[in-house]
Amino acid sequence: MSDDMVDCHCHIDQFPNPSAVAREAERRQIHTVAVTNLPSHYQLGCPHLKDFKYVHLALGMHPLAVKNRFSEIGLFQSLASGADFIGEVGLDFSPEGKASKTKQIECFRMVLTCVRDRQRFVTVHSRGAASEVLDFLDEFCVSPVIFHWFTDADAILRRAIEQGHFFSVNHAMTQSKSGRNIISQIPPERLLTETDGPHVRVGRSVARPVDVTTLNATLATILKLDAAKVDDFTTNNFKRILSTVRKNGIQ
Ligand SMILES: [Zn+2]
């Protein structure tokens, strides 16, 4: 039923059967950004996804992976020039990430150095650190990026909007008051959808790219629009970003 929808942030490689999830997204024509947590994971996924039209593998260096795998930054640096999709990258200063704050900053600066040369699709993690993420994006002139699962204060959200960034929202956000508050403040021309599968559940199952269908229906209720309209503008936003990536890309 669904056609031409968008899942901007899904950890396909963390499902028990990644190929089946990728094939299903491809078959249903869901534009999916398959994020990775480490460049070695990206390297492993590349041969599997090279012929996919809708599923795009992203080169990642997750902030919480930096603590033990900072050594992979060299691999990130060597793969970055060929990657149009970047993520998951960013900073995490929540209790879970606090101890590795200094290392994360060092790593994120190196990541931004690698991706500042041209426009890419960059999906960013910013838990407890959105203000710092914005500062670094500014310093390195990397814009626009896509803030995945934004959870920070309204004032910081407004700053991110003013700076031209995009936001991908997921099913978990629609289930909380604070999430719905964030969703309602995002201008439609900056809104994108994501599942963050398998980390987010829809009902009793883990979210797969096909679940953007239900997500869009829920968003339509929150935004008081009809679901077809939500499909339209999220897909248009995705294609608009993609066209700038392709234009500047080294095809
Ligand atoms: Zn994620």
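The values are calculated or read from the model by the stated rules, or taken from the named source; none is laboratory data. The model shown is predicted, which means the values in this text are computed figures rather than measured ones. Here the Cβ positions follow ideal geometry from the backbone for every residue, glycine too, while neighbour counts run over all protein chains shown.
Can residue 113 be described as surrounded by fewer than 17 Cβ atoms within 10 Å (Cβ to Cβ) and among the β-branched types (Val, Ile, Thr)? Reasoning before the result, please.
Details: surrounded by fewer than 17 Cβ atoms within 10 Å (Cβ to Cβ): yes; among the β-branched types (Val, Ile, Thr): yes.
The answer is yes for residue 113.
So, in region 191-206, exactly how many residues are within 16 Å of the ligand (Cβ to nearest atom) and either at pLDDT below 95 or not small (Gly, Ala, Ser) (or both)?
Quick first cut of region 191-206, residues within 16 Å of the ligand (Cβ to nearest atom) only: 192-202, 206.
Remaining after also requiring either at pLDDT below 95 or not small (Gly, Ala, Ser) (or both): 192-196, 198-202, 206.
Number of matching residues: 11.
May I ask you to say which residue of 172, 155 is over 18 Å from the mean Cα position of the chain (by Cα), among the aliphatic types (A, V, I, L, M), in a helix (DSSP H, G or I) and surrounded by fewer than 23 Cβ atoms within 10 Å (Cβ to Cβ)? Don't jump to the end; show me each part of the working.
Numbers: 172 fails: over 18 Å from the mean Cα position of the chain (by Cα).
Every option except 155 fails the conditions.
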In region 136-151, residue surrounded by the fewest Cβ atoms within 10 Å (Cβ to Cβ) [restricted to those that are under 16 Å from residue 92 (Cβ atoms) and within 16 Å of the ligand (Cβ to nearest atom)]: 151
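Do we find a residue being over 14 Å from the mean Cα position of the chain (by Cα) and closer than 20 Å to residue 196 by Cα anywhere in region 114-128?
We begin by selecting, within region 114-128, every residue over 14 Å from the mean Cα position of the chain (by Cα); these are 114-119, 128.
So of that shortlist, the ones also closer than 20 Å to residue 196 by Cα come out as 128.
Within region 114-128, one or more residues are over 14 Å from the mean Cα position of the chain (by Cα) and closer than 20 Å to residue 196 by Cα.
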Residue within region 211-225 that is basic (Lys, Arg), within 23 Å of residue 58 (Cα to Cα) and loosely packed, with under 15 Cβ neighbours inside 10 Å present: no
Any chance residue 131 is more than 23 Å from residue 149 (Cβ to Cβ), among the small types (Gly, Ala, Ser), out of contact with any Ser or Thr (no Cβ under 6 Å at 6 or more places or on another chain) and more than 16 Å from the ligand (Cβ to nearest atom): no
Scan of region 213-243 for residues that are closer than 10 Å to residue 5 by Cα, modelled with pLDDT of 95 or more and of a type in the set (A, V, I, L, M, F, W, C), ordered by number: 238
Which numbered condition residue 171 misses (of (1) within 16 Å of the ligand (Cβ to nearest atom); (2) free of Cβ contacts under 8 Å to residues at least 40 places away in the same chain): (2)
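Is it true that some residue in region 156-166 is in contact (Cβ under 8 Å) with a residue 40 or more places away in the chain and more than 19 Å from residue 244 (Cβ to Cβ)? Explain how you work it out, then say what you get.
Keep residues of region 156-166 that are in contact (Cβ under 8 Å) with a residue 40 or more places away in the chain, which gives 166.
From the residues that got through so far, the ones that are more than 19 Å from residue 244 (Cβ to Cβ) too are none.
Within region 156-166, none of the residues are in contact (Cβ under 8 Å) with a residue 40 or more places away in the chain and more than 19 Å from residue 244 (Cβ to Cβ).
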